[in-house]
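The values are calculated or read from the model by the stated rules, or taken from the named source; none is laboratory data. In this text the structure is predicted, and so the values were computed from the model without any measurement. No Cβ is skipped: glycine too gets one built from the backbone with ideal geometry, and neighbour counts run over all protein chains shown. Surface accessibility is based on the protein's heavy atoms, side chains included, excluding ligands, DNA and RNA. Shrake-Rupley method; radii C 1.70, N 1.55, O 1.52, S 1.80 Å.
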Amino acid sequence: MAELARLEDPRAREVNEKHGDDHGVNLSKLRALAKRLKTQQELARRLWETNDTPARLLAILICRPKAFEPDELDRMLRGSRVPKVHDWLVNYVVKKNPHCEELRMAWSADPDPIVASAGWALTSERVTKKPAGIDLAGLLDVIEAEMKDSPDRLQWEMNHCLAQIGIEHPEHRTRAIDIGERLEVLKAYPTPPGCTSPFAPIWISEMVRRQSAK
């Protein structure tokens, strides 16, 4: 904890706080610390229990993802309100855990929109990498009915899923683009030069163009 405190950078905190992250640790330096510590599951658990954001990010980097039971991951996710902790937990731990599909199904239907957003993030992964058994048309029905009025983080993940369906599954592409155009979710999102807009019709069209160009 003392070493993490020494990594605090006021400029990094200023940038991170704009994204809702309550820490000032340079993530490259955090990753270097994790690389030195290597995998230490018990230390990871102790760091997580501090409820300190840099400690939890470090815990995610040094933990053993397959060692967690679903109930433990569920508690961890529900306690992860900081966006970066939430994002890393889902992408670096839950996606590598053998109970991932069980958690995806439970979280997707959760009334807490932040928990539900994790379920949708895992669904996007299924849509892209393991679509067998996924009802893509049914997902589009839900997105069409609920995305427009969903809270920000849930809306973002539903939009991501919409885009992945359009990119990866040509038979649903026209409908996915149509839903995006009608709902106009993230249409006005500020996008830096050289980056692709998260507005689904633009995102889908650009990624399909790149795939065709390969």
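The rows are residues; the columns are (1) among the polar types (S, T, N, Q); (2) within 20 Å of the chain's Cα centre (by Cα); (3) assigned to a helix (DSSP H, G or I).
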{"residue": "Ala145", "(1), (2), (3)": "no, no, yes"}
{"residue": "His160", "(1), (2), (3)": "no, yes, yes"}
{"residue": "Ala176", "(1), (2), (3)": "no, no, yes"}
{"residue": "Ala188", "(1), (2), (3)": "no, no, no"}
{"residue": "Ser197", "(1), (2), (3)": "yes, yes, no"}
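Tell me which residues, restricted to region 147-157, are surrounded by fewer than 15 Cβ atoms within 10 Å (Cβ to Cβ) and in a helix (DSSP H, G or I). Don't jump to the end; show me each part of the working.
Applying the first criterion (surrounded by fewer than 15 Cβ atoms within 10 Å (Cβ to Cβ)) to region 147-157 yields 148-149, 151-152.
Once the filter is applied, which keeps residues that are surrounded by fewer than 15 Cβ atoms within 10 Å (Cβ to Cβ) and in a helix (DSSP H, G or I), region 147-157 yields Lys148, Asp149, Asp152.
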(Q) The conditions are (1) within 27 Å of Cys100 (Cβ to Cβ); (2) open to solvent by less than 50 Å² (accessible area, probe 1.4 Å), and Ala132 fails exactly one of them. Which is it? (A) (2)
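Of all residues in region 63-115, which are outside any helix (DSSP H, G or I), over 14 Å from the mean Cα position of the chain (by Cα), small (Gly, Ala, Ser) and over 20 Å from Val127 (Cα atoms)? Break it down into steps so the answer makes sense when it comes.
So the first thing to find is which residues in region 63-115 are outside any helix (DSSP H, G or I), and the list is 63-64, 68-69, 79-82, 97-99, 109-112.
Now narrow it down to the ones that are over 14 Å from the mean Cα position of the chain (by Cα): 63-64, 68-69, 79, 97-99, 109-112.
Okay, now just the ones that are also small (Gly, Ala, Ser), so 79, 109.
Residue satisfying the conditions is Gly79 alone.
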Q: Could you please tell me which pairs satisfy a Cβ distance under 8 Å, a separation of 6+ or placement on different chains, a first residue in region 3-32 that is over 14 Å from Arg56 (Cβ atoms) and in a helix (DSSP H, G or I), and a second residue that is polar (S, T, N, Q) and modelled with pLDDT of 85 or more?
A: Ala12/Asn26
